[in-house]
Amino acid sequence: MQPNLQEFLLQKGYAKVKLHLTKTNHFEIKASINGEKGLFILDTGASNSCVGFEAVNTFNLTAEDSIIKAAGAGATNMDTKMSKRNKIKIGKWTNNKVVLVLFNLTHVNTALKNHNSQPVDGIIGADILKKGKAVIDYEKKYLYLKL
């Protein structure tokens, strides 16, 4: 008998993480940055993982100036800062060298609140998904990351 996707990935050394589908049709995921837990949107279309300016102290981030301008979710040309060498943990998967883009997440959280969804601390983007060799099971709502 053929193993199903979950059995196959677990045999290959992947960790399984539950995704929560919001009313806005986004997947939310719990993760910790530098030992502090937070709530994040999983966004395969975001090139970089991001955290809101207001969460700099929460996650013990060191902010450096950045020339990058952020765009997305209806907002463009937003000022950003960078935070390097952060430890991120998603389920059992960890990485100690994550660069995060810091920017104003107010527009994202306003949209979420308007749809009776919880505000988030940031966005898990394609950079982390690539590092973790991510596989997303949309039907069963799980993210798999290679340990």
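Filtering segment 94-147 to residues that are open to solvent by 50 Å² or more (accessible area, probe 1.4 Å), out of contact with any strand residue (DSSP E or B) (no Cβ under 9 Å at 6 or more places or on another chain) and not acidic (Asp, Glu) leaves Thr110, Lys113, Asn114, His115, Asn116, Lys130, Lys140. So, Ala134, is that one modelled with pLDDT under 95, closer than 30 Å to Gln6 by Cβ and under 13 Å from the mean Cα position of the chain (by Cα) or not? Judged against the criteria, Ala134 is not a match. For segment 55-76, the criterion of being assigned to a strand (DSSP E or B), crowded, with 18+ Cβ neighbours inside 10 Å and modelled with pLDDT of 90 or more is met by no residue. Among the residues of segment 1-12, which ones are open to solvent by 20 Å² or more (accessible area, probe 1.4 Å) and outside any loop (DSSP other than H, G, I, E, B)? Within segment 1-12, Leu5, Gln6, Glu7, Phe8, Leu10, Gln11 meet the criteria. For segment 13-43, name all the residues that are assigned to a strand (DSSP E or B) and open to solvent by 60 Å² or more (accessible area, probe 1.4 Å). Matches in segment 13-43: Lys16, Lys18, His20, Leu21, Lys30, Glu36, Lys37. Of all the numbered requirements in (1) modelled with pLDDT of 95 or more; (2) in contact with a Gly (Cβ under 8 Å, 6 or more places away or on another chain); (3) within 14 Å of Asp121 (Cα to Cα), His107 misses one, and that requirement is (1).
The values are calculated or read from the model by the stated rules, or taken from the named source; none is laboratory data. Model, not experiment: these values are computed from the prediction. Methodologically, a virtual Cβ is constructed for each residue, glycine included, from the backbone with ideal geometry; neighbour enumeration extends over all protein chains shown. Accessible surface is based on the protein model in full, side chains and every heavy atom, while ligands, DNA and RNA are left aside. Shrake-Rupley method; radii C 1.70, N 1.55, O 1.52, S 1.80 Å.
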